[in-house]
Amino acid sequence: MILGIDLGTTNSLAAVWRDGVELVPNALGDVLTPSVVSLDRTGEIVVGAAARERLTSHPEMTAAAFKRYMGTSRRIPLGTRSFRAEELSSFIIRSLHADAEALLGAPVDEAVITVPAYFSDAQRRATRTAGELAGLKVERVLNEPTAAALAYGLAERDTADGPVLVFDLGGGTFDVSVLEMNDGIVEVRATAGDNFLGGEDFDDAVAMWFAGAVGMALPDALTPEGQVPAARLRRAAEAARRLLSNAPTASMSLTLPDGTMREADLTTEIFARIAEPLLERLRTPIARALSDSRIRPEELSHVVLAGGATRMPIIRREAARLFGRLPLQRLDPDEVVGRGAGVQAGLKMRSAALSDIVLTDVAPYTLGIEVSEGRPGASSPGRMLPVIERNTVVPVSRMRPVVPGRDFQRQVEVRIFQGEARLVRDNIPLGSFELALSPRRISEQSIEVRFTYDVNGILEVSAKAEADGASERIVIQHGSDAATPEEAEARLAALAALKIHPRDQSANRLLLARGERVFEERLGSDRDQLGVVLGQFESAIDTQDPATIEQAGAELTRLLHELEASR
Amino acid sequence: MSELPTPDDWASLGIAPTDATDVIRRAYREQLKKTGPETDPEGFQRLRAAYEAALQACPSTPAAVVGSTLDANAFIAALAARRAAGDEAGAIALVDETRAAHPPGSAASEVIENALLDHVALERMLSPALFLHLARVFDWRDTQGHAARRDPEHHAVVLDRIAAEDFFAAFSAYAQTPEGKLEALVLAPHGEALERLTKDGIGPEQRAEIRGIFDQFLSHGAFLMGRLDGGTLALLRQAVEGPPLLGESVTTPRPAAVAPPASAAPRVVPTLSKKTQWKIRAATVALIGAVVLGRALYKSDRPTYGGNDTALAASVALPLLKDPKVPWVDMVQEPDGVRVDWAPVMRMRHAIRDLRIGYNDGKPTTVFPLPQFDAPIGFLAPPNITAISMRIRTTDGVWSEIRRYPVRQEKK
């Protein structure tokens, strides 16, 4: 069985194919699992909704939105420990994996994981690693907008023929894909995007506005004393932003560490103003994708919205304005990518129901090498020579002939880059290798550089000297900090030793986390009262007696309800 | 990619040769069901290549930029009016409004972009702020986008200006920092520059740095030279080249004043103390087409070429230097004095290791530092100069004969 996974910045979900796409509910019965990981006092990993509650009560032990650091060597601290983004992601995947096995009652050992189309090579590899760290064989890394299109292609099979634009604004990334759907064939024509534009940026903008409006200093989440206020401010900003989806005004309030309360009203007008610079950034990737696909916006048969951030009215309005038409949103935007991952899992399993579906995808970035250009004696080095141009259909293999810089050169360094800028210093380095040459004149020396790019976005580069047939090749690894097999093995063992809280305790975990969050937010007698009930609930959990736990849990639930209602 | 379809291609597609795009498309899709990228990656690549070749050979229908009622000329005229009135913010607003009125990627937005590319983008007088705004909103940094596809050469010039603006912005920002004293000096108006120079003076290392700065400005062509104060420029050139070369101490040449010590002289490294940058720029020799960076070149301690250098390669210059018929300098009597034109020797400088000069009947003992960048070099010498003597050690280590160049009375 293959599991389809949408590993999102804000939420993740899993889907399986059983004669159709089925979304996998987690232990709480929700299909969305917040992409939040926390370490509790016993050293156990808490994932999902309970971890999300702990963002406010235990920010120093909790991490969210770590997808933004995929493919970097940054370590995200959780208490005294620290993890790479792919390690934190692996905890989410482990949790989704357990949910799927509980649903199916059978082992699952393979996965299809979606990534933003605009994810780089290193980010894709990190995603693959996350799956492997969770003990799954990653069959395929699939572009999110392509997954969204697959889900729509299947749902709207009879009406969706023609060119379609997928507008996918998630928690942290924005992707645009232009596809052609035709009788079961889904051809991606072009993809563009912005890796740093998503719903989280709108929350940041609201938080910044609030701080300015009430005259407080913006707390710095990177300092120990700033963590709690920053987490609370973000939570309040997000709540206000969500409220605004259904109301013209959302009142936003925040209790400062000194106990004073600040309030401000976020109106639709204010939100439109502060969101303006972010909306402006939507335009460039759309223009790029359409221009590359040679399809005019007026020729599109549908504009499909995907990603949770497209729930925002302001985004829908902007999408409608940009295309001069109403976008299609028949599927839940939070679920559409996950559903597509499920379809791809079905395709991988050669499901009979999908036998006539074929998908072709493209390379989202230009890939090339560093060269010099110009006349002899007036050269400018550091130029990018594209070998595989962006939006080339994959898999693909392309060759470019090059020559060394001067006569009798003994070796060349082939430096590989990805990106659309003219100078390599503005592009992203992927790796390099050296090719030894038998010294000859330039006119007698020719080198063939070949790039091979597969459906998973994995690149292999080889170079061959024509004169003597010497050749070198490289499969691009994560930059310089690639792990050796032994290191990878050790990491896997270290992570496996970390226990994730048991599934059947999820509801209690969530209740406890919620209680702790409210406790943090309240002062005075509310706090004292809640402290007592929380203590009782914790001791009840320790007894492991279901009846005692249920009773203490009911008491806590009642009190929380009361406190939240009295606000 | 642009090859004509072969019989094998048509066989892959499973159709007889045709130039009907819809037939080709249908055939491709039909074959895809058997030869998908997942099920048969090799076969799929052949199929895809066949499909692209077949489509390429089809008579292309001209790109339809029509279908837009937008009057590009009126837009450009309105923009010109705001610019002429000095209303930069208004001009930017007009661009944004016009752009916002049409969907991204639509025919109308392409008409606007094309008009701006053709009529505005490369105007010398276009303000940096407006230019950078256009480059940003129309994504002109993108080397694979619409602007590049439409006219690569034109777009290359746009990219040159973007590079110039980026350099200037970074340079100006650096000039604001405490480390950026020399950069600030270069940007200062003449009066201020004179004051600072008089007060602080500049040492040999700073001279080299200023040379490097000039080199970088020159490498961005004409885009930036207008942003420097002409007076400051003249002042700095004089400061960097030493005291007026031929105007002083004809009878008692002072080598130290003319140049840094002999050992250091010929190897002035023109960088902003960013040695790596220089290495990268200088260490690679180019060939039209493509050249792979050679590691061996990085190890080379003697950079040969750099920047927009039009000097001759050492191998070409060497025999020319030794040829008595090829002059090294030209001294011409002009109405306001003797003009010394160094251009010939500068063009051959890559084959020169040392250059010594003397005045009138003196022996050529004064070390003359060679600029490392392509600069038009000519001086007006004082009237008591009647001849210049020169001796050169070429890169093969051989000292030349002493040559003497008297003033020619008539202009060439």
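The values are calculated or read from the model by the stated rules, or taken from the named source; none is laboratory data. Remember, predicted model here, so these are calculated numbers, not experimental data. Note: ideal-geometry Cβ built from the backbone for every residue, glycine included; neighbour counts use all protein chains shown. Just the protein is used for accessible areas: all its heavy atoms, side chains included, with ligands, DNA and RNA removed. Shrake-Rupley method; radii C 1.70, N 1.55, O 1.52, S 1.80 Å.
Within the range A:314-333, can you find the residues that are surrounded by fewer than 15 Cβ atoms within 10 Å (Cβ to Cβ) and away from chain B (no Cβ under 14 Å)?
So in the range A:314-333, the residues surrounded by fewer than 15 Cβ atoms within 10 Å (Cβ to Cβ) come out as A:317, A:320-321, A:324, A:326, A:330.
Scanning the range A:314-333 gives a single hit, A:ARG330.
In the range A:173-192, how many are buried (at least 24 other Cβ atoms within 10 Å of the Cβ) and either farther than 14 Å from A:LEU359 by Cα or not hydroxyl-bearing (Ser, Thr, Tyr) (or both)? If you could, list the steps in order and put the result at the bottom.
Let us first name the residues in the range A:173-192 that are buried (at least 24 other Cβ atoms within 10 Å of the Cβ), namely A:173-179, A:188, A:191-192.
Adding the requirement that they be either farther than 14 Å from A:LEU359 by Cα or not hydroxyl-bearing (Ser, Thr, Tyr) (or both) leaves A:173-176, A:178-179, A:188, A:191-192.
Counting residues in the range A:173-192 that are buried (at least 24 other Cβ atoms within 10 Å of the Cβ) and either farther than 14 Å from A:LEU359 by Cα or not hydroxyl-bearing (Ser, Thr, Tyr) (or both) gives 9.
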Any hit, the range B:196-209, residues being modelled with pLDDT of 85 or more and touching a Phe, Trp or Tyr at 6+ places or on another chain (Cβ under 6 Å)
no
Inside the range B:71-93, the number of residues satisfying the requirement of being open to solvent by 40 Å² or more (accessible area, probe 1.4 Å) and either touching a Pro at 6+ places or on another chain (Cβ under 6 Å) or under 11 Å from B:ILE112 (Cα atoms) (or both) is 3
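Does A:VAL336 qualify as being under 30 Å from A:ARG415 (Cα atoms), open to solvent by less than 20 Å² (accessible area, probe 1.4 Å) and out of contact with any Gly (no Cβ under 7 Å at 6 or more places or on another chain)? Don't jump to the end; show me each part of the working.
Values: under 30 Å from A:ARG415 (Cα atoms): no; open to solvent by less than 20 Å² (accessible area, probe 1.4 Å): yes; out of contact with any Gly (no Cβ under 7 Å at 6 or more places or on another chain): yes.
Criteria not met by A:VAL336.
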Just give me the residues in the range A:437-477 being farther than 30 Å from A:VAL115 by Cβ, within 10 Å of chain B (Cβ to nearest Cβ) and in a strand (DSSP E or B), in sequence order.
A:ILE447
What are the pairs with Cβ atoms under 7 angstrom where one residue, in the range A:511-525, is at pLDDT 85 or above and the other, located anywhere, is β-branched (Val, Ile, Thr) and surrounded by fewer than 20 Cβ atoms within 10 Å (Cβ to Cβ)? Sequence gap at least six, or different chains.
A:LEU511/A:THR557
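Yes or no, residue by residue, for (1) more than 18 Å from A:ASP203 (Cβ to Cβ); (2) in contact with a strand residue (DSSP E or B) (Cβ under 6 Å, 6 or more places away or on another chain); (3) part of a helix (DSSP H, G or I):
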| residue | (1), (2), (3) |
| --- | --- |
| A:ARG262 | no, yes, no |
| A:GLU276 | no, no, yes |
| A:LEU279 | no, no, yes |
| A:ARG288 | yes, yes, yes |
| A:SER291 | yes, no, yes |
| A:GLU298 | yes, no, yes |
| A:LEU305 | yes, yes, no |
Taking the range A:58-70, which residues are assigned to a helix (DSSP H, G or I) and either surrounded by fewer than 22 Cβ atoms within 10 Å (Cβ to Cβ) or without any contact (Cβ under 8 Å) to a residue 12 or more places away in the chain (or both)?
A:GLU60, A:MET61, A:ARG68, A:TYR69
Test set (1) within 14 Å of another protein chain (Cβ to nearest Cβ); (2) in contact with a helix residue (DSSP H, G or I) (Cβ under 6 Å, 6 or more places away or on another chain); (3) part of a loop (DSSP other than H, G, I, E, B) - B:PRO17 fails condition number
(1)
Considering only the range A:540-563, I want to know if a residue exists there that is of a type in the set (Ser, Thr, Tyr), more than 27 Å from A:GLU60 (Cα to Cα), out of contact with any Phe, Trp or Tyr (no Cβ under 8 Å at 6 or more places or on another chain) and not in a helix (DSSP H, G or I).
no
Qualifying position, being at pLDDT 90 or above, within 7 Å of chain B (Cβ to nearest Cβ) and within 19 Å of A:SER471 (Cβ to Cβ), among A:ARG410, A:ARG390, A:ARG415:
A:ARG415
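Restrict the check to the range A:294-313 and report whether at least one residue is facing chain B (nearest Cβ under 7 Å), within 21 Å of A:THR191 (Cα to Cα), more than 22 Å from the chain's Cα centre (by Cα) and surrounded by fewer than 22 Cβ atoms within 10 Å (Cβ to Cβ).
Filtering the range A:294-313 for residues facing chain B (nearest Cβ under 7 Å) gives A:296-298.
Next, only the ones that are within 21 Å of A:THR191 (Cα to Cα) stay: A:296-298.
Then keep just the ones that are more than 22 Å from the chain's Cα centre (by Cα); that gives A:296-298.
Filter once more, keeping what is surrounded by fewer than 22 Cβ atoms within 10 Å (Cβ to Cβ): A:296, A:298.
Yes, the range A:294-313 contains a residue that is facing chain B (nearest Cβ under 7 Å), within 21 Å of A:THR191 (Cα to Cα), more than 22 Å from the chain's Cα centre (by Cα) and surrounded by fewer than 22 Cβ atoms within 10 Å (Cβ to Cβ).
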Name every residue in the range A:116-148 that is within 13 Å of the chain's Cα centre (by Cα) and in a loop (DSSP other than H, G, I, E, B), in order of residue number.
A:PRO116, A:ALA117, A:TYR118, A:PHE119, A:SER120
When B:SER109 is evaluated against the numbered criteria (1) under 17 Å from B:ALA78 (Cα atoms); (2) surrounded by fewer than 17 Cβ atoms within 10 Å (Cβ to Cβ), which criterion, by number, is the only one it fails?
(2)
I'm trying to understand the selection: among the residues of the range B:32-46, which are open to solvent by less than 50 Å² (accessible area, probe 1.4 Å) and more than 10 Å from chain A (Cβ to nearest Cβ)?
B:GLY43
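If only one of A:ARG383, A:ARG425 is more than 8 Å from chain B (Cβ to nearest Cβ), within 34 Å of the chain's Cα centre (by Cα) and surrounded by fewer than 18 Cβ atoms within 10 Å (Cβ to Cβ), which one is it?
Values: A:ARG383 fails: surrounded by fewer than 18 Cβ atoms within 10 Å (Cβ to Cβ).
A:ARG425 is the lone residue from the list that is more than 8 Å from chain B (Cβ to nearest Cβ), within 34 Å of the chain's Cα centre (by Cα) and surrounded by fewer than 18 Cβ atoms within 10 Å (Cβ to Cβ).
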For residues in the range B:20-31 being open to solvent by less than 40 Å² (accessible area, probe 1.4 Å) and among the aliphatic types (A, V, I, L, M), which is farthest from the other protein chains (Cβ to nearest Cβ)?
B:ALA20
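I'd like to check something: does the range B:230-251 contain any residue that is part of a loop (DSSP other than H, G, I, E, B), at pLDDT 80 or above and either among the small types (Gly, Ala, Ser) or open to solvent by less than 20 Å² (accessible area, probe 1.4 Å) (or both)?
Step one: filter the range B:230-251 for residues part of a loop (DSSP other than H, G, I, E, B), giving B:241-251.
Checking the rest, the ones that are also at pLDDT 80 or above come to none.
Scanning the range B:230-251 turns up no residue that is part of a loop (DSSP other than H, G, I, E, B), at pLDDT 80 or above and either among the small types (Gly, Ala, Ser) or open to solvent by less than 20 Å² (accessible area, probe 1.4 Å) (or both).
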Which condition number does A:THR543 fail, the rest of (1) open to solvent by 70 Å² or more (accessible area, probe 1.4 Å); (2) β-branched (Val, Ile, Thr); (3) within 30 Å of A:GLU132 (Cα to Cα) being met?
(3)
Taking the range B:96-106 and keeping only residues that are of a type in the set (Ser, Thr, Tyr) and open to solvent by less than 10 Å² (accessible area, probe 1.4 Å), one is left with B:SER106
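Where residues in the range A:71-103 are under 18 Å from A:GLU200 (Cβ atoms) and not small (Gly, Ala, Ser), which of them is most open to solvent (accessible area, probe 1.4 Å)? Before you say what the answer is, go through the steps one by one.
Going residue by residue through the range A:71-103, those that are under 18 Å from A:GLU200 (Cβ atoms) are A:71-72, A:74, A:76, A:85, A:88-89, A:92.
Of the ones still in play, those that are also not small (Gly, Ala, Ser) are A:72, A:74, A:76, A:88, A:92.
Working: A:THR72: 53, A:ARG74: 108, A:ILE76: 21, A:LEU88: 0, A:ILE92: 1 Å².
Going through the qualifying residues, I end up with A:ARG74.
Name the single residue, out of those in the range A:104-115 being part of a loop (DSSP other than H, G, I, E, B) and open to solvent by 20 Å² or more (accessible area, probe 1.4 Å), that is nearest to A:ILE458 (Cα to Cα). Show your work before the answer.
Applying the first criterion (part of a loop (DSSP other than H, G, I, E, B)) to the range A:104-115 yields A:105-109.
Next, from what is left, pick out any that are open to solvent by 20 Å² or more (accessible area, probe 1.4 Å): A:105-107, A:109.
On the way: A:GLY105: 33, A:ALA106: 31, A:PRO107: 28, A:ASP109: 22 Å.
Among those residues, the one meeting the criterion is A:ASP109.
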Failed item in (1) open to solvent by 20 Å² or more (accessible area, probe 1.4 Å); (2) within 26 Å of B:ILE162 (Cβ to Cβ); (3) touching a Leu at 6+ places or on another chain (Cβ under 9 Å), with B:ARG196 passing the rest:
(2)
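Inside the range A:144-172, can you point out the residues that are charged (D, E, K, R) and open to solvent by 10 Å² or more (accessible area, probe 1.4 Å)? Please lay out each step first, then the result.
First, pick out the residues of the range A:144-172 that are charged (D, E, K, R): A:144, A:156-158, A:161, A:168.
A:GLU144, A:GLU156, A:ARG157, A:ASP158, A:ASP161, listed by residue number.
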Of the numbered conditions (1) at pLDDT 85 or above; (2) small (Gly, Ala, Ser); (3) within 23 Å of B:LEU132 (Cα to Cα), B:ALA222 fails exactly one; give the number of that condition.
(1)
Residue check, A:GLU44 surrounded by fewer than 21 Cβ atoms within 10 Å (Cβ to Cβ), in contact with a His (Cβ under 7 Å, 6 or more places away or on another chain) and of a type outside the set (A, V, I, L, M, F, W, C):
yes
